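Notes to accompany the following structure.
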Amino acid sequence: MIHQFKNNGYHIVLDVDSGSVHVVDAMTYEIIGLLDAGYAQDAVIERLSAQYKESEIREALAEIAALEEDGTLFSREEYEAHLADVQTRGVVVKALCLHIAHDCNLRCGYCFAQEGEYNGEKALMPYEVGKAALDFLIASSGNRRNLEVDFFGGEPTLNFQVVKDLVAYGREREKVCDKKFRFTLTTNGVFLNDEIMEFANREMANVVLSIDGRKDVHDRMRPFPDGSGSYERIVPKFLQFAESRQQKNYYVRGTFTRYNLDFSKDVLHLADLGFRQISVEPVVAQETDAYAIRKEDLPRLFEEYDALAAEMARRGKRGDSFTFFHFMIDLEGGPCVAKRLSGCGSGTEYLAVTPWGDFYPCHQFVGNEKFLMGNVTEGITNTRLQESFKGCNVYAKEACRNCFAKYYCSGGCAANAYNFHGDIRGVYEIGCALQKKRVECAIMLKAAEAFEADERKEEMR
Amino acid sequence: MKHVKTLNTRKLQNTVKKGGCGECQTSCQSACKTSCTVGNQTCENSR
């Protein structure tokens with residue numbers, strides 16, 4: 001299976017099964033399209049000889065044949081059998097999202113956690129619950145060494161002493177158990193201070209700092225309980241935090257909604273403020289929410305992604321680049337097939353833990369009792385649900401089978417699928433459309449980088 | 001090649017046998033909490 005697209009002046013061919021990316025000239029792009037549609041070589045020559053020299057067409061056909069021979073174009077691989085191998089291995093848990101506080105000091109308009117409370121009562125996770133969660137993780141992780149724990153909320157700095165105590169406990173246990181904890185913190189920044197930053201810089205492998213972009217955009221959706229905006233309060237702290245981490249191992253992370261369909265301006269605003277690691281994602285909402293992205297918004301959003309990618313290519317050329325999480329793609333060292341087939345790991349290797357110790361498949365399912373999986377003292381009790389998540393992958397979703405992006409999104413977000421179709425094996429069409437556009441932009445940026453490197457080499461000669 | 005520039009040398013087919021160690025990062029533990037992005041995670045063994 002191949003996928004062809006044009007972006008920012010590049011003609012790109014993705015060979016889906018091998019993951020190979022070819023940038024070709026306009027003629028070769030047409031030839032590959034015709035071959036893919038079933039034309040024989042002679043028919044291709046006949047069809048294109050009015051536009052191009054026959055010798056050139058034959059030359060391109062020879063190059064295409066060489067790629068095919070090499071397994072990097074028109075490759076056909078059946079990975080489904082391999083998926084069975086991966087799935088028969090026992091399930092291990094290697095990542096937990098700890099809901100340290102079901103409470104928040106902001107009242108974000110789009111919060112899936114219902115202002116931090118996840119449809120329930122305000123609650124803070126007691127140390128004993130967190131400790132039991134870490135013990136469960138160590139005991140359930142089999143021979144996996146790297147264990148991930150995200151301190152999430154609500155707002156985890158509302159219960160920061162417990163965060164510190166759990167990190168201390170984890171550090172003590174990892175030595176004894178030959179494990180390595182990677183702690184991360186997701187915060188809205190309101191309570192950030194030097195002490196928290198210093199602690200995080202010592203202990204947190206990554207921090208996620210919530211900010212949506214321009215002041216008016218941010219303040220509209222992320223106000224304090226009294227309705228006033230939080231932008232001015234958090235920006236100086238986030239800038240200080242990013243600098244204190246040498247502009248590495250952090251993300252400023254925002255959400256865009258129907259209210260700021262021109263979100264590329266928000267991404268660039270964050271870059272212009274001085275942030276170098278940026279993630280801005282579409283909101284997940286009910287169809288009835290006024291701020292929810294609608295199908296008719298898609299063409300506009302595609303333009304935004306394209307414009308953002310083109311601007312990033314320009315900035316990259318002048319040495320002013322920044323990372324946009326959703327355009328990151330690692331063509332050489334990315335995940336193996338097993339990872340790409342099995343998806344995000346929710347409900348299997350990744351679980352969310354409530355303040356009182358209940359397990360859910362991920363942070364997005366917390367509060368929906370149908371998805372209660374167990375708890376820190378009894379472990380996984382709903383093994384049927386676990387099996388259901390284990391079986392949720394690109395081959396279980398009909399819409400994914402013929403999608404060029406299947407090895408990049410790995411079947412998409414189960415929570416989105418459930419929210420929109422009542423089934424974790426459904427697909428969230430708007431999310432799919434945006435994901436495909438992002439993969440194209442990410443690949444285009446790789447093409448731009450490669451051509452830029454070639455140009456530099458030429459100049460050096 | 002004159003008409004084609006290939007950007008990568010690694011083929012997915014080659015990761016079938018060696019892959020699957022599971023040590024890589026869980027995608028929602030990084031910077032996405034609402035959209036699944038597996039393809040941009042880094043393989044722990046290629047570091």
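The values are calculated or read from the model by the stated rules, or taken from the named source; none is laboratory data. Just so we're clear, the structure is a prediction, and the values are computed from it rather than from any experiment. Glycine gets a Cβ as well: all are built from the backbone with ideal geometry, and neighbour counts include every protein chain shown.
From the set of residues in segment A:229-280 that are part of a helix (DSSP H, G or I) and among the aromatic types (Phe, Trp, Tyr), which is surrounded by the fewest Cβ atoms within 10 Å (Cβ to Cβ)? Within segment A:229-280, the match that is surrounded by the fewest Cβ atoms within 10 Å (Cβ to Cβ) is A:Tyr259.
What number of residues in segment A:406-461 are among the polar types (S, T, N, Q), under 14 Å from the mean Cα position of the chain (by Cα) and assigned to a helix (DSSP H, G or I)?
First, pick out the residues of segment A:406-461 that are among the polar types (S, T, N, Q): A:410, A:416, A:419, A:435.
Add one more test, that the residue is under 14 Å from the mean Cα position of the chain (by Cα), and what stays is A:410, A:416, A:435.
With the extra rule that they be assigned to a helix (DSSP H, G or I), the set shrinks to A:416, A:435.
So the count comes out to 2.
Would you be able to say whether some residue in segment A:402-421 is free of Cβ contacts under 8 Å to residues at least 24 places away in the same chain and among the charged types (D, E, K, R)? Checked against the condition, which is being free of Cβ contacts under 8 Å to residues at least 24 places away in the same chain and among the charged types (D, E, K, R), segment A:402-421 yields no hits at all. The number of residues in segment A:147-194 that are out of contact with any Phe, Trp or Tyr (no Cβ under 9 Å at 6 or more places or on another chain), of a type in the set (Asp, Glu) and on the phi < 0 side of the Ramachandran plot comes to 2. Residues that are more than 10 Å from chain B (Cβ to nearest Cβ), touching a strand residue (DSSP E or B) at 6+ places or on another chain (Cβ under 7 Å) and of a type in the set (A, V, I, L, M, F, W, C): does segment A:65-81 have at least one? Among the residues of segment A:65-81, at least one is more than 10 Å from chain B (Cβ to nearest Cβ), touching a strand residue (DSSP E or B) at 6+ places or on another chain (Cβ under 7 Å) and of a type in the set (A, V, I, L, M, F, W, C), which makes the answer yes.
Every residue, every condition in (1) surrounded by fewer than 23 Cβ atoms within 10 Å (Cβ to Cβ); (2) under 23 Å from A:Ser230 (Cα atoms); (3) under 25 Å from the mean Cα position of the chain (by Cα), yes or no:
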site	(1), (2), (3)
A:Asp150	no, no, yes
A:Leu166	no, no, no
A:Val176	yes, no, no
A:Lys215	yes, yes, yes
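Of all residues assigned to segment A:109-132, none qualifies as being within 14 Å of another protein chain (Cβ to nearest Cβ), at pLDDT below 95, over 23 Å from the mean Cα position of the chain (by Cα) and surrounded by 17 or more Cβ atoms within 10 Å (Cβ to Cβ).
Scanning segment A:368-396 for residues that are aromatic (Phe, Trp, Tyr) and under 20 Å from A:Asn419 (Cα atoms), we see that the one that is modelled with the lowest pLDDT is A:Phe389. A Cβ distance below 8 Å, combined with a sequence gap of six or more or placement on separate chains, defines the contacts here; from segment A:209-237, residues that are over 19 Å from A:Glu281 (Cα atoms) reach residues that are of a type in the set (Lys, Arg) and in a helix (DSSP H, G or I) in the pairs A:Gly229/A:Lys215; A:Gly229/A:Arg220; A:Glu232/A:Lys215.
Can you say whether A:Gly319 is of a type in the set (Gly, Ala, Ser), free of Cβ contacts under 8 Å to residues at least 24 places away in the same chain and away from chain B (no Cβ under 14 Å), as far as the supplied structure shows? First the steps, then the outcome.
Values: of a type in the set (Gly, Ala, Ser): yes; free of Cβ contacts under 8 Å to residues at least 24 places away in the same chain: yes; away from chain B (no Cβ under 14 Å): yes.
Spelling it out, A:Gly319 is indeed of a type in the set (Gly, Ala, Ser), free of Cβ contacts under 8 Å to residues at least 24 places away in the same chain and away from chain B (no Cβ under 14 Å).
The set of residues from segment A:427-459 being more than 11 Å from every other protein chain (Cβ to nearest Cβ) and among the charged types (D, E, K, R) comprises A:Glu429, A:Lys436, A:Lys437, A:Glu440, A:Glu452, A:Glu455, A:Arg456, A:Lys457, A:Glu458, A:Glu459.
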